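Taking it in order: structure first as structure tokens, then the write-up.
The values are calculated or read from the model by the stated rules, or taken from the named source; none is laboratory data. All figures in this text were calculated on a predicted structure; none of them were measured in a lab. Cβ sites come from the backbone with ideal geometry, for glycine too, and all protein chains shown count toward neighbours.
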Amino acid sequence: MSIAENIQNVRTQLPKNVKLICVSKFHSGESILDAYNAGERIFGESRAQELRTKYDSLPKDIEWHFIGHLQKNKVKYIAPFVSLIHSVDSEDLLTEINRCGEKNNRIINVLLQVHIAQEEQKFGFFEQELYDFLEKESLEKYPFVKLRGLMGMATFTEDSTQIEREFASLSSIFQNVKHAYFPTDEAFCELSMGMSDDFPLAVSYGSTMVRVGSLIFGERG
Ligand SMILES: *Cc1c(COP(=O)(O)O)cnc(C)c1O
């Protein structure tokens, strides 16, 4: 199957209002161009320098999303152009993104990552931490950051009832946060959840952005 055919397959399973983030990490510029020529414009990467290199060499109307764990000292590589950072998992990181936004004179869109999986190695705020953070923080402290929603990753497991439970949980956390802290902010509307193995389930739980890699580009090249 070609990349264009893979995309077609994914697209037929996605409602029109759900954004497809083509996760191109570890794949070549050539593969990205195949997807680009099939009409895709949103690509996701999980390493800052790799993203920077690809940004420099690929068409400028690509919307680049950062989806992996982001170290503070790497924010500077992507701050001038990144469209959305999905993986903000600490106050310190938010502070650094705000600083880099100011330096580049642009507002950077971000999602807060929520830890919904059973695995220790996954990142993100735990539910209560997230509420505590939003309670305590005045977001006016971060004028160069715009909170657009939440992101989460389910446990890597074959157990679909567990994955379903985790998506349901993130979906209800999203509703809670929306109603408590952003009731009139239309920009706070994104729920990034679902990957190659589980995106249809994620969509059924209200995902607005799915991050699909291997189903489009094959196993990491
Ligand atoms: C790699 C990655 C994906 C895509 O995973 P696939 O299973 O290849 O679709 C999605 N989200 C994040 C955060 C990733 O690191």
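Count, please, the residues in region 140-177 that happen to be under 22 Å from Asn98 (Cβ atoms), in a helix (DSSP H, G or I) and at pLDDT 95 or above. Counting residues in region 140-177 that are under 22 Å from Asn98 (Cβ atoms), in a helix (DSSP H, G or I) and at pLDDT 95 or above gives 1. May I ask you to list pairs of residues, at least six apart or on different chains, whose Cβ atoms are under 6 Å apart, with the first in region 172-186 being under 19 Å from Val203 (Cα atoms) and the second being acidic (Asp, Glu) and surrounded by 13 or more Cβ atoms within 10 Å (Cβ to Cβ)? The qualifying pairs are Ile173/Glu127.
Here's the yes/no breakdown for (1) out of contact with any helix residue (DSSP H, G or I) (no Cβ under 8 Å at 6 or more places or on another chain); (2) among the hydrophobic types (A, V, I, L, M, F, W, C):
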position: Ser2; (1), (2): no, no
position: Gln13; (1), (2): no, no
position: Lys19; (1), (2): yes, no
position: Gly29; (1), (2): no, no
position: Leu33; (1), (2): yes, yes
position: Asn37; (1), (2): no, no
position: Gly44; (1), (2): yes, no
position: Ala48; (1), (2): no, yes
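Kindly check whether there is at least one residue in region 3-15 that is crowded, with 18+ Cβ neighbours inside 10 Å, within 26 Å of Phe125 (Cβ to Cβ) and at pLDDT 95 or above. No, region 3-15 has no match at all. Of everything in region 16-33 that is crowded, with 19+ Cβ neighbours inside 10 Å and outside any loop (DSSP other than H, G, I, E, B), the residue that is nearest to the chain's Cα centre (by Cα) is Ile21. Of all residues in region 102-152, those being farther than 16 Å from Ser169 by Cβ and without any contact (Cβ under 8 Å) to a residue 24 or more places away in the chain number 9.
Among the residues of region 38-62, those that are acidic (Asp, Glu) and within 16 Å of the ligand (Cβ to nearest atom) comprise Glu40, Glu45, Glu50. Total residues in region 202-221 satisfying the condition of being more than 9 Å from the ligand (Cβ to nearest atom) and in contact with a helix residue (DSSP H, G or I) (Cβ under 6 Å, 6 or more places away or on another chain): the figure is 3. Note on region 4-30: residues that are hydroxyl-bearing (Ser, Thr, Tyr) and within 13 Å of the ligand (Cβ to nearest atom) amount to 1.
Among residues of region 202-221 that are closer than 28 Å to Ser28 by Cβ, those with a beta-carbon under 7 Å from a residue that is among the basic types (Lys, Arg) and surrounded by fewer than 24 Cβ atoms within 10 Å (Cβ to Cβ) at least six positions away or on a different chain give the pairs Met209/Lys19; Gly213/Lys25.
So is Ile116 away from the ligand (no atom under 16 Å from the Cβ), of a type in the set (A, V, I, L, M, F, W, C) and under 19 Å from the mean Cα position of the chain (by Cα) or not? The answer is no for Ile116. Considering (1) among the β-branched types (Val, Ile, Thr); (2) free of Cβ contacts under 8 Å to residues at least 40 places away in the same chain; (3) away from the ligand (no atom under 13 Å from the Cβ), the lone condition that Ile85 does not fulfil carries the number (3).
The residues of region 34-56 that are closer than 23 Å to Gln113 by Cβ and assigned to a loop (DSSP other than H, G, I, E, B), listed by number, are Ser46, Arg47.
For region 191-200, the condition of being of a type in the set (Phe, Trp, Tyr) and within 16 Å of the ligand (Cβ to nearest atom) holds for at least one residue.
Looking for something touching a Gly at 6+ places or on another chain (Cβ under 7 Å) and more than 27 Å from Leu94 (Cα to Cα) - is there at least one such residue anywhere in region 177-197? Yes: region 177-197 contains one or more residues that are touching a Gly at 6+ places or on another chain (Cβ under 7 Å) and more than 27 Å from Leu94 (Cα to Cα).
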